[in-house]
Amino acid sequence: MVIRLSDIELYAFHGVLPEERMVGGWFLLDVTIESSGADKASLTDNVADTINYAEVYDAIKDEMSTPSNLIEHVAGRIYRRIKSSFSLADKVTVSITKKHPPVAGANFNASVVVGGSCFARG
């Protein structure tokens, strides 16, 4: 079973520049959790037999509230938090997008992805 939280939009204070840490900015997150153990919930209709996505969201919000210089660091924290807090999580992938990072004259978003095969050691 795959549990996916998509398009989570949160305001946070991550960035290398002091202005980013003071003013903050918008971030988009996608989290995918693969779980063979959560398949049981499709038969039982019991939240105790799956990964409660409300609890996953609370963990994401909590980690996003701690400022970091790099979104790579935030993504790694969220990844480790989910892996350690949800025993049914077999494989986790976290994507964080920083909307409109402060790069002179540019208008784009910057993203990192942590987990799955690209973060197998963690």
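The values are calculated or read from the model by the stated rules, or taken from the named source; none is laboratory data. On a predicted model such as this, the values are computed, not experimentally measured, just so you know. Note that each Cβ is placed from the backbone with ideal geometry, even for glycine, and that neighbours are counted across all protein chains shown. The accessibility values were calculated without ligands, DNA or RNA, using every heavy atom of the protein model including side chains. Shrake-Rupley method; radii C 1.70, N 1.55, O 1.52, S 1.80 Å.
Worth a mention:
- Angle in degrees between helix 71-85 and the longest Cα principal axis of the chain, rounded to the nearest 10: 20 degrees
- Per residue solvent-accessible surface (Å²) - the chain, probe of 1.4 Å: 58 Å²
- Accessible surface of residue 22 - all protein chains present, 1.4 Å probe, nearest 10 Å²: 150 Å²
- Surface composition of the stretch 5-122: carbon and sulfur atoms hold 53% of the protein heavy-atom accessible area at a 1.4 Å probe.
- Under 12 Å from the Cα of residue 83 - aspartates and glutamates, other chains or at least 8 residues apart: 34
- Crossing angle, helix 53-64 versus the chain [Cα axis fit, 0-90 degrees, rounded to tens]: 30 degrees
- Here the label points at residue 26 and residue 72, each 7 Å from Cα along the C-beta direction, are separated by 2.7 nm in the simple model.
- Local charge for residue 108 was computed over the other residues whose Cβ lies under 13 Å away, with Lys and Arg +1 and Asp and Glu -1, and equals +2.
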